[in-house]
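Structure first, commentary second.
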Amino acid sequence: MKFKPANKIQDLQYFGEFGGVNPSISDSATYSFLTANKMLDAFEGDAEGCYLYSRYTSPSNMYLGEALAAMENTETANVAGSGMGAITTTLMHFCGAGDHIVSSRTIYGGTYAFLKNFVPRFKIDTSFVDITSLEKVEAAINKNTKVIYCEAVSNPLLEVADIIGLSAIAKKHNLKLLVDNTFSPMIISPVKLGADVVLHSLTKFINGTNDTMGGVVCGSKELINAMRSVIDGSAMLLGPSMDSLRAASILKNMRTLHLRIKQHSKNALYLAEHFEKLGLRTVYPGLASHPSHHIFKNMMNKEYGFGGLLTLDVGSLAKANKLMESMQGKNLGYLAVSLGFYKTLFSAPGTSTSSEIPDDEQKEMGLTDGIIRFSIGLDNDIERTFKLMRECMVSVGIIEN
Ligand SMILES: *Cc1c(COP(=O)(O)O)cnc(C)c1O
């Protein structure tokens, strides 16, 4: 049977403290106990329904986690104050001194910097590989490998991970497959395809209003309880906890996620097809020209389309900068990093979100100077947007009239 992530969210039913249609927001950092014994039970992790201290979790954070777990089809989830807060604590949970990670080389700049520059001080070693080559992934595994790490759709080059193939490799070698699904919530359901753990930056599509940061790790109860352990849990002890007020507001935004994703995808496909027709080098998983178009099609929950991200290579950084300034001038979007907003956002990844990656490695992975990454907005009239974008391209000399 097909997996329907939006139905899973729709089916959650909450009655607030006073019967409100939204769950009440927990406005407390600490919680009282009627008896001292109950408090001891809570510390030992078996006081079901009791809250202890909000770094551990709070009712509002539990509600949001529950909705995200429902969307990703995992037993449970733990929210964090940022995507990096979720990603780093999860990697630190699975890996310690002497361990090894096989990671996609095209990942979010912050995750790349964490693996490349930060965890070596804990003697955790990472091999960065071309994730689209299952042979290369398997060849990089050694006796110390614990984790295969990738993004379902990668930042910024929009490479697509064959999650079914990667999961077979992970199972064969007894490894965990961790998938960052930030670019494709609802579109791809990694656990349904064999992944063990799904990570998100909620800052992007899931919240969708660019007013807060957030992250989540979705996985088994065993994993989440271990990460929350007061004795040795990475989430509990490193402490990237989300505030309850924010958890409540993100939960409310999640209810329109399915509508937003469909509109982002529809607009992005329209623009990608038209950019390609203009003869521009366009990368979008929904185009037949995308090298992983079929793998994406095979994995996707079809009704949500191919996502809101696309890249254009306009030849040089100077041209990319001119075009972005011109588009911002025409109010077609903002020259800004991040993604998943109602307005289109654009940036040149080589000099922004991927600037952590050294120049020679950027070149090797095909991240050229002229690339602009677009996160396409929710524009109701995308034909008008395209016409205006085309005018900008003519005015800065990228195409002829
Ligand atoms: C933004 C992003 C992150 C980091 O999330 P923050 O919320 O900024 O900490 C991780 N992975 C991907 C794919 C992202 O786009």
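The values are calculated or read from the model by the stated rules, or taken from the named source; none is laboratory data. Being a predicted model, the structure only gives us computed values, none of them experimental. A quick note on method: Cβ atoms are made from the backbone with ideal geometry, for glycine too, and the neighbour counts reach across all protein chains shown. To get the accessible areas, we keep the full protein, side chains included, count just its heavy atoms, and leave off ligands, DNA and RNA. Shrake-Rupley method; radii C 1.70, N 1.55, O 1.52, S 1.80 Å.
Here is the figure for the stretch 138-182: residues that are of a type in the set (Ser, Thr, Tyr) and within 12 Å of the ligand (Cβ to nearest atom) total 3. Looking only at the stretch 183-205, residues that are within 9 Å of the chain's Cα centre (by Cα) and within 12 Å of ILE261 (Cα to Cα) come to 5 in all. When the stretch 256-268 is examined, which residues are found to be assigned to a helix (DSSP H, G or I) and in contact (Cβ under 8 Å) with a residue 40 or more places away in the chain? Within the stretch 256-268, LEU257, HIS258, ARG260, ILE261, LYS262, GLN263, HIS264, SER265, LYS266, ASN267, ALA268 qualify. How about the stretch 181-198: which of its residues are open to solvent by less than 10 Å² (accessible area, probe 1.4 Å) and outside any loop (DSSP other than H, G, I, E, B)? PRO190, VAL197, VAL198 - these are the residues of the stretch 181-198 that are open to solvent by less than 10 Å² (accessible area, probe 1.4 Å) and outside any loop (DSSP other than H, G, I, E, B). Entry remark, the stretch 92-117: residues being out of contact with any Ser or Thr (no Cβ under 8 Å at 6 or more places or on another chain), assigned to a helix (DSSP H, G or I) and more than 12 Å from the ligand (Cβ to nearest atom) number 2 in total.
Yes or no: the stretch 48-70 includes at least one residue that is assigned to a loop (DSSP other than H, G, I, E, B), under 23 Å from PRO5 (Cα atoms), touching a strand residue (DSSP E or B) at 6+ places or on another chain (Cβ under 9 Å) and of a type outside the set (Gly, Ala, Ser). No, the stretch 48-70 contains no residue that is assigned to a loop (DSSP other than H, G, I, E, B), under 23 Å from PRO5 (Cα atoms), touching a strand residue (DSSP E or B) at 6+ places or on another chain (Cβ under 9 Å) and of a type outside the set (Gly, Ala, Ser). The residues listed here are GLU356, GLU325, GLU383, GLU400; of these, the one that is among the charged types (D, E, K, R) and within 28 Å of ALA113 (Cα to Cα) is GLU356.
Out of the stretch 209-220, which residues are within 13 Å of the ligand (Cβ to nearest atom) and under 12 Å from ILE250 (Cα atoms)? If the condition is that a residue be within 13 Å of the ligand (Cβ to nearest atom) and under 12 Å from ILE250 (Cα atoms), then ASN210, ASP211, THR212, MET213, GLY214, GLY215, VAL216 are the ones that fit. Restricting attention to the stretch 351-372, the residues being within 21 Å of MET84 (Cα to Cα) and more than 16 Å from the ligand (Cβ to nearest atom) number 2. Looking at the structure I just gave you, is LYS343 over 30 Å from ASN117 (Cα atoms) and of a type in the set (Lys, Arg)? Against the criterion (over 30 Å from ASN117 (Cα atoms) and of a type in the set (Lys, Arg)), LYS343 qualifies.
Search the stretch 208-224 for residues being among the charged types (D, E, K, R) and free of Cβ contacts under 8 Å to residues at least 60 places away in the same chain, and hand back the single one that is most open to solvent (accessible area, probe 1.4 Å). Among those that are among the charged types (D, E, K, R) and free of Cβ contacts under 8 Å to residues at least 60 places away in the same chain, it is GLU222. Filtering the stretch 343-380 to residues that are hydroxyl-bearing (Ser, Thr, Tyr), touching a residue at least 60 places away in the same chain (Cβ under 8 Å) and open to solvent by 10 Å² or more (accessible area, probe 1.4 Å) leaves THR353, SER355. A Cβ distance below 6 Å, combined with a sequence gap of six or more or placement on separate chains, defines the contacts here; from the stretch 237-255, residues that are in the same structural domain as MET213 (by TED's automatic domain parsing) and within 13 Å of TYR53 (Cα to Cα) reach no residue that is modelled with pLDDT of 95 or more and open to solvent by 40 Å² or more (accessible area, probe 1.4 Å).
Just one of the listed residues (SER26, SER32) is surrounded by 12 or more Cβ atoms within 10 Å (Cβ to Cβ) and either farther than 18 Å from GLY215 by Cβ or in the same structural domain as GLY239 (by TED's automatic domain parsing) (or both), and it is SER26. For the stretch 243-294, the tally of residues that are over 19 Å from the mean Cα position of the chain (by Cα), over 16 Å from SER184 (Cα atoms) and basic (Lys, Arg) stands at 2.
Residues that are open to solvent by 30 Å² or more (accessible area, probe 1.4 Å) and at positive phi do not occur anywhere in the stretch 102-119.
One residue is enough: does the stretch 137-155 have a residue meeting the conditions under 24 Å from THR311 (Cβ atoms), outside any helix (DSSP H, G or I) and over 12 Å from the mean Cα position of the chain (by Cα)? Yes - at least one qualifying residue is present in the stretch 137-155.
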